[in-house]
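The values are calculated or read from the model by the stated rules, or taken from the named source; none is laboratory data. Quantities reported herein were computed from a predicted structural model and do not represent experimental measurements. Cβ sites come from the backbone with ideal geometry, for glycine too, and all protein chains shown count toward neighbours.
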Amino acid sequence: MVLVVSEEVRDAVDARRPVVALESTIISHGLPRPRNLQVALELEAAVRAEGAVPATIAVLDGRPCVGLEKGQLERVANEDGFRKLGHRDLPLAVASGASGATTVSATALLAASAGVRVFATGGLGGVHREWTLTQDESADLGLLARTRITVVCAGVKSILDVPATLQRLETLGIAVAGYGTDRFPGFYLSDSGHPVDWTLETPQQAAEVMRAQDALGAPESALIVANPVPEAEQLDPELHTRVLADALHACEKAGVTGQGVTPFLLDYLVRHTDGASLSANLAAVRGNVRLAARIATAWTEA
Ligand code: PSU
Ligand code: MN
(Lines give C-alpha, C1' and ligand atoms only; values in the text may rest on other atoms or scores of the structure.)
(Ligands and ions follow the chains in the order given, each with its own letter.)
Protein backbone atom coordinates (compact mmCIF):
# COMPACT_ATOMS: atom_id res chain seq x y z
CA MET A 1 0.00 0.00 0.00
CA VAL A 2 1.38 3.36 -1.05
CA LEU A 3 -0.24 5.22 1.88
CA VAL A 4 2.05 6.19 4.80
CA VAL A 5 -0.07 6.30 7.97
CA SER A 6 1.74 7.58 11.08
CA GLU A 7 2.03 5.14 13.94
CA GLU A 8 -0.08 7.34 16.22
CA VAL A 9 -2.91 7.55 13.67
CA ARG A 10 -2.75 3.86 12.83
CA ASP A 11 -2.88 2.87 16.51
CA ALA A 12 -5.86 5.16 17.12
CA VAL A 13 -7.77 3.87 14.09
CA ASP A 14 -7.07 0.24 15.04
CA ALA A 15 -8.16 0.81 18.65
CA ARG A 16 -11.24 2.79 17.50
CA ARG A 17 -10.10 5.95 19.24
CA PRO A 18 -11.20 9.33 17.79
CA VAL A 19 -9.16 10.71 14.86
CA VAL A 20 -9.72 13.93 12.92
CA ALA A 21 -8.29 14.40 9.42
CA LEU A 22 -7.03 17.89 8.56
CA GLU A 23 -6.28 19.16 5.06
CA SER A 24 -3.07 20.87 4.04
CA THR A 25 -4.10 23.15 1.16
CA ILE A 26 -5.49 25.61 3.65
CA ILE A 27 -1.98 25.72 5.18
CA SER A 28 0.07 25.96 1.97
CA HIS A 29 -2.26 27.87 -0.34
CA GLY A 30 -5.05 29.28 1.85
CA LEU A 31 -3.21 31.21 4.59
CA PRO A 32 -0.27 33.65 4.52
CA ARG A 33 3.17 32.79 5.96
CA PRO A 34 4.27 32.69 8.76
CA ARG A 35 0.78 32.54 10.24
CA ASN A 36 0.04 29.32 8.36
CA LEU A 37 2.48 27.16 10.34
CA GLN A 38 1.23 28.52 13.68
CA VAL A 39 -2.30 27.70 12.57
CA ALA A 40 -1.36 24.18 11.47
CA LEU A 41 0.16 23.50 14.90
CA GLU A 42 -2.71 25.20 16.72
CA LEU A 43 -5.32 23.11 14.90
CA GLU A 44 -3.53 19.89 15.78
CA ALA A 45 -3.34 21.03 19.42
CA ALA A 46 -7.07 21.83 19.38
CA VAL A 47 -7.85 18.28 18.22
CA ARG A 48 -5.69 16.87 21.01
CA ALA A 49 -7.30 19.15 23.61
CA GLU A 50 -10.60 17.43 22.76
CA GLY A 51 -9.04 14.01 23.31
CA ALA A 52 -8.70 13.07 19.64
CA VAL A 53 -5.71 12.39 17.38
CA PRO A 54 -5.00 14.84 14.52
CA ALA A 55 -4.16 13.42 11.09
CA THR A 56 -2.95 16.21 8.82
CA ILE A 57 -2.65 14.89 5.27
CA ALA A 58 -0.20 15.86 2.49
CA VAL A 59 1.95 14.23 -0.20
CA LEU A 60 5.68 14.36 0.53
CA ASP A 61 8.16 13.22 -2.13
CA GLY A 62 5.49 11.12 -3.79
CA ARG A 63 4.26 9.53 -0.56
CA PRO A 64 0.71 10.29 0.60
CA CYS A 65 1.12 10.84 4.35
CA VAL A 66 -1.71 10.59 6.89
CA GLY A 67 -0.46 12.15 10.14
CA LEU A 68 2.52 14.51 9.88
CA GLU A 69 5.40 15.24 12.23
CA LYS A 70 6.41 18.81 12.99
CA GLY A 71 9.19 18.87 10.39
CA GLN A 72 6.77 17.61 7.76
CA LEU A 73 4.22 20.29 8.70
CA GLU A 74 7.00 22.86 8.34
CA ARG A 75 7.60 21.68 4.79
CA VAL A 76 3.90 22.08 3.96
CA ALA A 77 3.88 25.61 5.37
CA ASN A 78 7.20 26.91 4.05
CA GLU A 79 8.39 24.98 1.01
CA ASP A 80 8.33 26.96 -2.23
CA GLY A 81 6.74 25.29 -5.22
CA PHE A 82 4.60 23.04 -3.05
CA ARG A 83 1.78 21.92 -5.32
CA LYS A 84 -1.96 21.97 -4.74
CA LEU A 85 -3.27 18.43 -5.26
CA GLY A 86 -6.87 17.49 -5.91
CA HIS A 87 -7.70 13.79 -5.91
CA ARG A 88 -7.06 13.50 -9.64
CA ASP A 89 -3.49 14.67 -9.07
CA LEU A 90 -2.63 11.95 -6.54
CA PRO A 91 -1.45 9.26 -9.00
CA LEU A 92 0.60 11.82 -10.91
CA ALA A 93 2.25 13.10 -7.73
CA VAL A 94 2.94 9.58 -6.46
CA ALA A 95 4.44 8.40 -9.76
CA SER A 96 6.66 11.47 -10.15
CA GLY A 97 7.74 11.77 -6.51
CA ALA A 98 6.21 15.24 -6.22
CA SER A 99 5.25 17.03 -3.01
CA GLY A 100 2.02 18.90 -2.52
CA ALA A 101 -0.80 19.88 -0.24
CA THR A 102 -4.09 18.05 -0.49
CA THR A 103 -7.41 19.82 -1.12
CA VAL A 104 -10.65 18.65 0.44
CA SER A 105 -11.12 16.10 -2.35
CA ALA A 106 -7.67 14.53 -2.03
CA THR A 107 -7.72 14.71 1.78
CA ALA A 108 -11.12 13.05 2.01
CA LEU A 109 -10.02 10.25 -0.29
CA LEU A 110 -6.78 9.56 1.60
CA ALA A 111 -8.45 9.87 5.02
CA ALA A 112 -11.14 7.35 4.04
CA SER A 113 -8.47 4.97 2.72
CA ALA A 114 -6.72 5.17 6.08
CA GLY A 115 -9.95 4.42 7.98
CA VAL A 116 -10.43 7.98 9.26
CA ARG A 117 -14.12 8.90 9.21
CA VAL A 118 -14.18 12.55 10.34
CA PHE A 119 -12.51 15.49 8.64
CA ALA A 120 -12.42 19.21 9.47
CA THR A 121 -11.75 22.11 7.12
CA GLY A 122 -12.68 25.77 6.61
CA GLY A 123 -15.00 25.96 3.65
CA LEU A 124 -15.61 23.44 0.88
CA GLY A 125 -14.95 24.15 -2.75
CA GLY A 126 -17.99 24.32 -5.01
CA VAL A 127 -19.50 25.97 -8.05
CA HIS A 128 -17.75 29.20 -9.00
CA ARG A 129 -19.66 32.29 -10.08
CA GLU A 130 -19.65 32.49 -13.88
CA TRP A 131 -19.79 28.70 -13.89
CA THR A 132 -21.72 28.69 -17.17
CA LEU A 133 -18.73 30.30 -18.87
CA THR A 134 -15.85 28.54 -17.12
CA GLN A 135 -17.30 25.15 -16.03
CA ASP A 136 -15.33 25.70 -12.81
CA GLU A 137 -16.82 23.41 -10.19
CA SER A 138 -14.50 22.16 -7.46
CA ALA A 139 -13.64 18.46 -7.59
CA ASP A 140 -14.56 18.45 -3.87
CA LEU A 141 -18.21 17.93 -4.74
CA GLY A 142 -17.85 14.93 -7.04
CA LEU A 143 -15.49 13.18 -4.65
CA LEU A 144 -17.78 13.69 -1.65
CA ALA A 145 -20.62 12.09 -3.63
CA ARG A 146 -18.68 8.80 -3.55
CA THR A 147 -16.67 8.84 -0.33
CA ARG A 148 -17.92 7.78 3.11
CA ILE A 149 -16.60 10.58 5.28
CA THR A 150 -18.03 13.26 7.54
CA VAL A 151 -16.79 16.75 6.69
CA VAL A 152 -17.19 19.51 9.24
CA CYS A 153 -16.98 22.87 7.48
CA ALA A 154 -18.38 26.40 7.62
CA GLY A 155 -20.37 25.75 4.46
CA VAL A 156 -18.76 26.45 1.11
CA LYS A 157 -16.45 29.36 0.43
CA SER A 158 -18.44 32.56 -0.01
CA ILE A 159 -16.41 33.43 -3.11
CA LEU A 160 -18.56 30.78 -4.84
CA ASP A 161 -22.06 30.70 -6.25
CA VAL A 162 -23.64 29.36 -3.05
CA PRO A 163 -27.16 28.51 -4.30
CA ALA A 164 -25.71 26.74 -7.36
CA THR A 165 -23.39 24.77 -5.06
CA LEU A 166 -26.30 23.80 -2.78
CA GLN A 167 -28.18 22.62 -5.85
CA ARG A 168 -25.19 20.53 -7.00
CA LEU A 169 -24.95 18.96 -3.51
CA GLU A 170 -28.59 17.94 -3.85
CA THR A 171 -28.14 16.61 -7.38
CA LEU A 172 -25.07 14.61 -6.35
CA GLY A 173 -26.96 13.15 -3.38
CA ILE A 174 -24.68 14.44 -0.62
CA ALA A 175 -26.25 14.75 2.85
CA VAL A 176 -26.06 18.28 4.31
CA ALA A 177 -27.07 19.37 7.81
CA GLY A 178 -26.63 22.65 9.63
CA TYR A 179 -25.10 22.39 13.08
CA GLY A 180 -27.30 24.26 15.58
CA THR A 181 -28.86 26.22 12.73
CA ASP A 182 -31.36 25.88 9.90
CA ARG A 183 -29.35 28.37 7.82
CA PHE A 184 -26.52 27.29 5.53
CA PRO A 185 -23.37 29.01 6.86
CA GLY A 186 -21.44 31.38 4.57
CA PHE A 187 -17.79 30.58 5.43
CA TYR A 188 -16.64 34.11 6.50
CA LEU A 189 -20.29 34.81 7.35
CA SER A 190 -22.51 32.97 9.83
CA ASP A 191 -25.39 32.84 7.35
CA SER A 192 -25.09 32.48 3.58
CA GLY A 193 -28.66 33.68 3.17
CA HIS A 194 -29.86 30.19 2.21
CA PRO A 195 -31.68 27.59 4.33
CA VAL A 196 -30.73 23.95 5.00
CA ASP A 197 -33.32 21.19 5.30
CA TRP A 198 -31.78 19.41 8.30
CA THR A 199 -30.35 20.51 11.63
CA LEU A 200 -28.15 18.61 14.06
CA GLU A 201 -27.84 19.82 17.64
CA THR A 202 -25.24 17.51 19.18
CA PRO A 203 -22.17 15.47 18.18
CA GLN A 204 -24.15 12.37 19.16
CA GLN A 205 -26.83 13.21 16.59
CA ALA A 206 -24.15 13.51 13.91
CA ALA A 207 -22.80 10.10 14.90
CA GLU A 208 -26.34 8.68 14.64
CA VAL A 209 -26.54 9.92 11.05
CA MET A 210 -23.19 8.29 10.29
CA ARG A 211 -24.45 5.00 11.68
CA ALA A 212 -27.61 5.33 9.59
CA GLN A 213 -25.49 5.92 6.49
CA ASP A 214 -23.63 2.68 7.17
CA ALA A 215 -26.83 0.80 7.93
CA LEU A 216 -28.38 1.98 4.66
CA GLY A 217 -25.23 1.12 2.72
CA ALA A 218 -24.70 2.34 -0.85
CA PRO A 219 -24.07 4.86 -2.21
CA GLU A 220 -20.92 5.57 -0.24
CA SER A 221 -21.45 9.32 0.01
CA ALA A 222 -20.34 11.89 2.57
CA LEU A 223 -22.11 13.78 5.35
CA ILE A 224 -21.52 17.52 5.42
CA VAL A 225 -21.93 19.09 8.85
CA ALA A 226 -22.17 22.81 8.19
CA ASN A 227 -21.04 24.66 11.31
CA PRO A 228 -21.37 28.47 11.26
CA VAL A 229 -18.65 30.83 12.44
CA PRO A 230 -19.98 32.56 15.60
CA GLU A 231 -21.70 35.82 14.64
CA ALA A 232 -19.34 37.83 16.84
CA GLU A 233 -16.38 36.52 14.83
CA GLN A 234 -17.78 36.75 11.32
CA LEU A 235 -16.53 39.19 8.68
CA ASP A 236 -18.64 42.35 8.47
CA PRO A 237 -21.18 41.37 5.76
CA GLU A 238 -21.03 44.78 4.11
CA LEU A 239 -17.23 44.72 3.90
CA HIS A 240 -17.46 41.16 2.58
CA THR A 241 -19.81 42.12 -0.26
CA ARG A 242 -17.72 45.12 -1.27
CA VAL A 243 -14.26 43.50 -1.20
CA LEU A 244 -15.47 40.27 -2.80
CA ALA A 245 -16.79 42.20 -5.81
CA ASP A 246 -13.36 43.84 -6.18
CA ALA A 247 -11.61 40.47 -5.73
CA LEU A 248 -13.66 38.80 -8.46
CA HIS A 249 -12.94 41.70 -10.77
CA ALA A 250 -9.20 41.60 -10.00
CA CYS A 251 -9.10 37.84 -10.56
CA GLU A 252 -10.65 38.21 -13.99
CA LYS A 253 -8.35 41.08 -14.89
CA ALA A 254 -5.29 39.10 -13.81
CA GLY A 255 -6.43 36.22 -16.03
CA VAL A 256 -6.25 33.71 -13.15
CA THR A 257 -8.04 30.43 -13.90
CA GLY A 258 -8.33 26.82 -12.68
CA GLN A 259 -6.56 25.89 -9.45
CA GLY A 260 -5.29 29.43 -9.01
CA VAL A 261 -8.71 31.02 -8.57
CA THR A 262 -9.49 30.05 -4.97
CA PRO A 263 -6.03 30.96 -3.53
CA PHE A 264 -6.08 34.27 -5.45
CA LEU A 265 -9.47 35.28 -4.08
CA LEU A 266 -8.71 34.24 -0.49
CA ASP A 267 -5.43 36.15 -0.56
CA TYR A 268 -7.08 39.24 -2.07
CA LEU A 269 -9.66 39.24 0.72
CA VAL A 270 -7.01 38.99 3.43
CA ARG A 271 -5.04 41.91 1.98
CA HIS A 272 -8.04 44.15 1.39
CA THR A 273 -9.87 43.61 4.68
CA ASP A 274 -6.88 44.41 6.87
CA GLY A 275 -6.72 40.77 7.91
CA ALA A 276 -10.36 40.68 9.03
CA SER A 277 -11.14 37.89 6.56
CA LEU A 278 -8.21 35.93 7.95
CA SER A 279 -9.57 36.25 11.50
CA ALA A 280 -13.01 35.08 10.37
CA ASN A 281 -11.49 32.19 8.38
CA LEU A 282 -9.46 31.08 11.41
CA ALA A 283 -12.42 31.38 13.77
CA ALA A 284 -14.43 29.17 11.41
CA VAL A 285 -11.70 26.55 11.11
CA ARG A 286 -11.08 26.45 14.86
CA GLY A 287 -14.77 25.88 15.56
CA ASN A 288 -14.91 23.15 12.92
CA VAL A 289 -11.87 21.34 14.29
CA ARG A 290 -13.31 21.31 17.81
CA LEU A 291 -16.68 20.06 16.60
CA ALA A 292 -15.06 17.42 14.39
CA ALA A 293 -13.14 16.06 17.39
CA ARG A 294 -16.39 15.84 19.38
CA ILE A 295 -18.17 14.06 16.52
CA ALA A 296 -15.24 11.66 16.13
CA THR A 297 -15.47 10.95 19.86
CA ALA A 298 -19.23 10.33 19.73
CA TRP A 299 -18.67 8.08 16.70
CA THR A 300 -16.11 5.89 18.47
CA GLU A 301 -18.16 5.70 21.68
CA ALA A 302 -21.13 4.16 19.92
N1 PSU B 1 -10.96 26.05 3.18
C2 PSU B 1 -10.25 27.14 3.60
N3 PSU B 1 -9.18 27.53 2.86
C4 PSU B 1 -8.78 26.84 1.71
C5 PSU B 1 -9.52 25.69 1.29
C6 PSU B 1 -10.61 25.34 2.06
O7 PSU B 1 -10.59 27.76 4.63
O8 PSU B 1 -7.78 27.21 1.10
C9 PSU B 1 -9.08 24.88 0.05
C10 PSU B 1 -9.56 23.44 0.21
O11 PSU B 1 -8.43 22.61 0.11
C12 PSU B 1 -10.51 23.21 -0.94
C13 PSU B 1 -9.89 24.08 -1.98
O14 PSU B 1 -10.57 21.87 -1.32
O15 PSU B 1 -9.60 25.27 -1.23
C16 PSU B 1 -10.81 24.29 -3.16
O17 PSU B 1 -10.07 24.66 -4.28
P18 PSU B 1 -10.73 24.60 -5.73
O19 PSU B 1 -11.81 25.63 -5.69
O20 PSU B 1 -9.60 24.96 -6.69
O21 PSU B 1 -11.23 23.20 -5.92
MN1 MN C 1 -11.68 25.16 -9.45
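A few notes on this one:
Quick grid of which residues meet (1) part of a helix (DSSP H, G or I); (2) surrounded by fewer than 21 Cβ atoms within 10 Å (Cβ to Cβ); (3) at pLDDT 95 or above:
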{"residue": "205", "(1), (2), (3)": "yes, yes, yes"}
{"residue": "211", "(1), (2), (3)": "yes, yes, yes"}
{"residue": "215", "(1), (2), (3)": "yes, yes, yes"}
{"residue": "219", "(1), (2), (3)": "no, yes, no"}
{"residue": "235", "(1), (2), (3)": "no, no, yes"}
{"residue": "241", "(1), (2), (3)": "yes, yes, yes"}
{"residue": "268", "(1), (2), (3)": "yes, no, yes"}
{"residue": "284", "(1), (2), (3)": "yes, no, yes"}
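- Among the residues examined, residue 148 qualifies as more than 12 Å from the chain's Cα centre (by Cα) and under 24 Å from residue 200 (Cβ atoms).
- A Cβ distance below 6 Å, combined with a sequence gap of six or more or placement on separate chains, defines the contacts here; from segment 287-302, residues that are more than 16 Å from residue 55 (Cα to Cα) reach no residue that is β-branched (Val, Ile, Thr) and in a helix (DSSP H, G or I).
- Hits in segment 123-142 (condition: away from ligand 2 (no atom under 12 Å from the Cβ) and surrounded by fewer than 24 Cβ atoms within 10 Å (Cβ to Cβ)): 132, 133
- Any hit, segment 82-99, residues being under 14 Å from the mean Cα position of the chain (by Cα) and of a type in the set (Ser, Thr, Tyr): no
- Looking across segment 37-56, the residues that are touching a helix residue (DSSP H, G or I) at 6+ places or on another chain (Cβ under 7 Å), touching a residue at least 40 places away in the same chain (Cβ under 8 Å) and part of a helix (DSSP H, G or I) come down to 37, 39, 43, 46, 47.
- Residue count, segment 139-193 (criterion: of a type in the set (A, V, I, L, M) and assigned to a strand (DSSP E or B)): 8
- Filtering 203, 230, 185 for residues that are touching a Lys or Arg at 6+ places or on another chain (Cβ under 7 Å) and closer than 16 Å to residue 288 by Cβ leaves a single hit, 203.
- Criterion applied to 218, 212, 245 was being small (Gly, Ala, Ser), free of Cβ contacts under 8 Å to residues at least 40 places away in the same chain and under 21 Å from residue 137 (Cα atoms), and the one residue passing it is 245.
- Restricting 120, 106 to residues that are buried (at least 17 other Cβ atoms within 10 Å of the Cβ), within 25 Å of residue 150 (Cα to Cα), within 16 Å of ligand 2 (Cβ to nearest atom) and among the aliphatic types (A, V, I, L, M) narrows the list to 106.
- Of the residues in segment 151-168, not one is over 19 Å from residue 187 (Cα atoms), more than 10 Å from ligand 1 (Cβ to nearest atom) and modelled with pLDDT of 95 or more.
- Comparison of 252, 220, 301 shows that the only residue that is within 16 Å of ligand 2 (Cβ to nearest atom) and either assigned by TED's automatic domain parsing to the domain that holds residue 12 or not polar (S, T, N, Q) (or both) is 252.
- Among the residues listed as 59, 116, the single one being within 18 Å of the chain's Cα centre (by Cα), more than 13 Å from residue 24 (Cα to Cα) and not in a helix (DSSP H, G or I): 116
- If the condition is being touching a strand residue (DSSP E or B) at 6+ places or on another chain (Cβ under 6 Å) and in a helix (DSSP H, G or I), then segment 221-233 contributes only 231.
- The residues of segment 1-31 that are at pLDDT below 95, in a loop (DSSP other than H, G, I, E, B) and under 17 Å from the mean Cα position of the chain (by Cα) amount to a single one, 31.
- Restricting attention to segment 31-54, the residues that are closer than 22 Å to residue 84 by Cα and touching a strand residue (DSSP E or B) at 6+ places or on another chain (Cβ under 9 Å) total 4.
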